[in-house]
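Report on the structure given below.
Please treat every number below as a calculation from the coordinates, not as lab data. Since this is a predicted model, take the numbers as computed values, not measurements. Backbone-built Cβ (ideal geometry, glycine too); neighbour counts: all protein chains shown.
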Amino acid sequence: MKSLIDNARSFAATHVADPERAEAFRALEAGQSPEALFITCSDSRVVPALITGARPGELFELRTAGNVVPPYSLDHPTGESATIEFAVRVLGVRDIVVCGHSHCGAVGAVVRGDDLSAVPALRGWLERAVPPHAPTRTVTPVSPDVAEAVQAHSVAQLETLRGYPCIRERVEAGTLSLHAWYYEVHTGVVRAHRPDEGRLPFGPL
């Protein structure tokens, strides 16, 4: 924790001392206009700004266990659905990326059928998000990096996103694009889903 605190203490002096960078930071007080909503896992090995090279204000992020997108429901609103709706309706993002990653603990637990009784909230979250016949559960055999399962899972989240009224309207109008990515934590390679080539495998970005 000490290194994190030290960096936070020196952040302003280190990163905003340069006049050009200082001006860029000052511009942020006027508001934000991110290019994309980036939905990914809470895993600490996945750093969206590092992967994409995004600067402050360019990427709106949503991180959940297993990069799960919950179904849209006004009866049971969630922080995730609120974030997505805000990004689309208010910020007007033009792209949404769902990025899964190799060695994902959440997806691995689902496809292996791990005992999650010690983490009942996580178990309930994944059971709700990944029903028995979901594509995520049908990938066999399961590799150590759960690559195919993660990729199938990411594509499935795009289908859930299409159930959001705000997203359906923008996609049909041609003003919003949806993307599924796969990130290898051990190589840094990013792959993308090509809808015209089937669900799997993912290809070069």
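By the equivalent-ellipsoid construction on the alpha carbon gyration tensor, the range 33-204 comes out with semi-axes of 24, 19, 16 Å, ordered largest to smallest.
On the beta carbon distance between residue 189 and residue 44, with R0 = 25 Å, the FRET formula returns roughly 0.85.
Our analysis of the range 150-190 gives Rg over Rh at 1.11, with the two radii drawn from alpha carbon positions and Rh computed by the Kirkwood formula. Taking θ as phi - 60° and the Karplus parameters 6.51, -1.76 and 1.60, the scalar couplings of the range 44-60 work out to 5, 7, 9, 10, x, 5, 5, 5, 9, x, 5, 9, x, x, 9, 9, 9 Hz in sequence order, x denoting glycine and proline. Normalising the average separation of contacting C-alpha pairs (under 8 angstrom, six or more residues apart) by the number of residues puts the relative contact order of the chain at 20 percent.
Extension gain for residue 21 to residue 61 (0.36 nm times residue separation, less C-alpha to C-alpha distance): 12.2 nm.
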